[in-house]
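Worksheet for the structure shown next.
The values are calculated or read from the model by the stated rules, or taken from the named source; none is laboratory data. A quick note: this is a predicted structure, and the numbers were derived from the prediction, not measured. Positions of Cβ are generated from backbone atoms using ideal geometry, with glycine treated the same way; all protein chains shown enter the neighbour counts.
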Amino acid sequence: MPWFARNTTSFFAKLEQIKPDELIFFLSFFKDNNGNFIEHEKLLEEMTSISPVPVYGGGSFMMEHGIAGGVMIDGVKQGRAQAEKLLQVLANIDAPMPPVEEQKGTPYLSYEAMVKFSLEHDGEGDIQIYGELSLFLKQIPNWLCSA
């Protein structure tokens, strides 16, 4: 469902009508077609609170605002890697430019979304679980130590 050509009210009304077999991938928008500004955080929190389906995204900063998950890029890690490359260049200005490195995202899944939407990890590959863990998972270290 594209954001453009919608005002905030019609966008949220349409969001509530999304079918169970559809999904939402949040990119990034700040203004509606009436010029109304809405902050990322507020938009994500409102979207995820009323959406009948999980809302996915691509930036790890979104996780604390209700996103269900996705393969995320972490801006802090990305900035750190760029700063390290810059320091290498500045340390030896006559050296050739370092190669561009491909950075892969990290798969994240929100524990709250797992519970709310009955989401499961298929067991393939590592995944970061974001949010509150169940009592069972919290007690595993205690059980291992007392065995």
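Of the numbered conditions (1) farther than 24 Å from Leu119 by Cβ; (2) surrounded by 15 or more Cβ atoms within 10 Å (Cβ to Cβ); (3) modelled with pLDDT of 85 or more; (4) not hydroxyl-bearing (Ser, Thr, Tyr), Phe26 fails exactly one; give the number of that condition.
For Phe26, the exception is condition (1).
Which residue pairs have Cβ atoms closer than 6 Å, lie 6 or more positions apart in sequence or on different chains, and pair a first residue in the range 66-81 that is of a type in the set (D, E, K, R) with a second residue that is surrounded by 13 or more Cβ atoms within 10 Å (Cβ to Cβ)?
Asp74/Ser60
Among the helices (runs of 4 or more DSSP H) lying completely within the range 71-147, list those that include at least 3 residues that are at pLDDT 75 or above and over 26 Å from Val55 (Cα atoms).
Values: elements: 75-91, 111-117, 135-146.
Ranges flagged: 75-91.
Under the condition of being among the hydroxyl-bearing types (Ser, Thr, Tyr) and modelled with pLDDT of 90 or more, which residue from the range 51-70 is nearest to the chain's Cα centre (by Cα)?
Filtering first and then ranking leaves Tyr56.
Count, please, the residues in the range 39-87 that happen to be of a type in the set (Val, Ile, Thr), surrounded by fewer than 19 Cβ atoms within 10 Å (Cβ to Cβ) and in contact with a Gly (Cβ under 9 Å, 6 or more places away or on another chain).
Here is the first cut: in the range 39-87, the ones of a type in the set (Val, Ile, Thr) are 48, 50, 53, 55, 67, 71, 73, 76.
This time we only want the ones that are surrounded by fewer than 19 Cβ atoms within 10 Å (Cβ to Cβ), so: 50, 53, 71, 73, 76.
This time we only want the ones that are in contact with a Gly (Cβ under 9 Å, 6 or more places away or on another chain), so: 71, 73.
Of the residues in that region, 2 qualify.
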